[in-house]
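What follows is a single structure, written as structure tokens, with notes after it.
The values are calculated or read from the model by the stated rules, or taken from the named source; none is laboratory data. These numbers come from a predicted model, not from an experiment. Only protein heavy atoms, including side chains, enter the accessible area calculation; ligands, DNA and RNA are left aside. Shrake-Rupley method; radii C 1.70, N 1.55, O 1.52, S 1.80 Å.
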Amino acid sequence: MAGEGSAAVSRVGWRDVIGSVGTAGRLIGRHWPRMLTAALLGIAFRNAVIWAAVALSASVPWLAQVVLVLAPLGYLVPIVYMLRLCADDLPRLRAAIAADAPDSPTEGRQQRLIDVSVSVLVPFLAVYTAYNLLEEDRNRFVNAAAADELFNGFSAPEGIDLLGRLQLNNPLWMILSLVAVALIVRWLLGRVERVWRFVGIAFLGAFIELFWTIYVSEQLQDGLRSAMNWLLGRTFVVATIDWWNGVVDALGWLGIPLDFSVSWLVGLFGSIGPVIVVPIAWLVVASVVLGHRLTPPERVDHPALRRVTRSVPDRVKRVGSSLLSDIGGRWAAFFGGVGLVLRTGLVPILAFCIVFLIPNLVPTVVSWCARWLIGPTDAWTFLAFAPWETAIGLALQLVATAPIVAAALDRFLMPISAPTTSEEAAR
């Protein structure tokens, strides 16, 4: 299998890149009505969730936070549907979907996508964060809830309670406790489903994973922003920036191209997320959604672990082993997807990152077209058109993203591990 994988990777070149773009174009032409409908419904769902969270925050702040974590599903569910829709027309992906799934270590049945939802959520949230959609969800909620509290809180008996309504105080111990409790509850729900055989329990477990992954993503984003502000406020950094500005001023006209070059390099470093991280994360998302049946759950059995737990009672050891096996099984698809991308090679991945500039530019093109169609308009008047412009841009971006990712996965990655027949390969 390793030899076949290397051969498959070595054959990937620019012709495959061009071929994947052509395949994506055919998929869009064939499925665009259903994909566009799914994208628009997802965006409507996302907006409705934020509105509901604001409404609930006035009376039940903690429930508003629970509702708010559903907003990214308006972006995730349509892309999962589109990937499955495109996979039906691609032979290797169709074979991967039809493969027999391994048994889940906790539920004791064939593994389903809902069982490895955390493997989908982690790379998806990397995309969602890189597109600033997670921050946009939070900002829209905070701005609307804060405005409502400030304008209407004077008449409330308890007065204005902005921090209590927004639930912004989250210490580190609370974050770590939430993750630990979520992992244990997810394992317990799996044990309950093993007995009751009710599929709704799996969806409840997936919601718990959605809640804690989004919660941690928001806290990480806030932490990185605080760390960057702290760094920019250090005396050494401020002195260095002042020194550089002095050098540019002293050079006169010669400093203009130098300052432009340095600014360009800084901007290039800042664009690593959208240009490099986002395409790779989408490939991991697609590999989990379409190829999770090819990744068996990890079994926790290591000599070092056995030595450490030698004096632990057998009952505690069995419970701990079951919990670790559950966690490893749910993350196995994610690590399998990351390994699949790494084994593909640098050239195909960089080629895909270049191709992926197409869907990344879709919202910008839509914005240009909107401004051309509407023409010069008062800023306050244009605010009425802005939500429609954003919604259409995001919807068309989703429609362009799924076929390109599916076509690339079929040509670049799945030859490494997906089961195919000679007849399917010929097709």
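Whole-Hz Karplus values for the stretch 249-254 come out as 5, 5, 6, x, 5, 5 Hz, taken residue by residue from phi with 6.51 cos²θ - 1.76 cosθ + 1.60 and θ = phi - 60°; glycine and proline positions read x.
Once you reduce the stretch 323-393 and the stretch 169-229 to the center of their Cα atoms, the two points are 25 Å from each other. Tyr131 sits with roughly 50 Å² accessible to a 1.4 Å probe, with DNA, RNA and ligands left out of the calculation.
At the residue level, Ser321 shows approximately 50 square angstrom of accessible surface with a 1.4 angstrom probe and all protein chains present.
Taking all protein chains together and a 1.4 Å probe, the residues Phe412, Phe385, Phe203 rank Phe203, Phe385, Phe412 from largest to smallest accessible area. Each residue of the stretch 345-362 is assigned a 3J(HN,Hα), and the resulting list reads x, 6, 5, x, 5, 5, 4, 5, 4, 5, 4, 6, 4, 4, x, 5, 8, 4 Hz, derived from the Karplus form 6.51 cos²θ - 1.76 cosθ + 1.60 (θ = phi - 60°), x at Gly and Pro. Protein-only accessible surface at a 1.4 angstrom probe places the residues Cys369, Cys353 in the order Cys369, Cys353, largest first. Distances between placed amide hydrogens fall under 5 Å for Asp103 paired with Gln111, all partners being 5 or more residues away or on another chain.
Quick one: pull the percent of accessible area on the stretch 11-91 belonging to carbon and sulfur, 1.4 Å probe, ligands and nucleic acids left out. The computed percentage sits at 70. Per residue, the accessible area of the stretch 47-102 comes to 38 Å², computed with a 1.4 Å probe over protein heavy atoms only.
Residues in the stretch 385-393 carry Karplus couplings, in order, of 8, 4, x, 5, 4, 5, 5, 5, x Hz; the curve used is 6.51 cos²θ - 1.76 cosθ + 1.60 with θ = phi - 60°, and Gly or Pro positions show x. The listed residues Trp243, Trp212, once ranked by accessible area (1.4 Å probe) with the largest placed first, stand as Trp243, Trp212.
At a probe radius of 1.4 angstrom, the accessible area of the stretch 310-351 per residue rounds to 56 square angstrom. Rolling a 1.4 Å probe over the protein heavy atoms leaves Val54 with an accessible area of roughly 30 Å².
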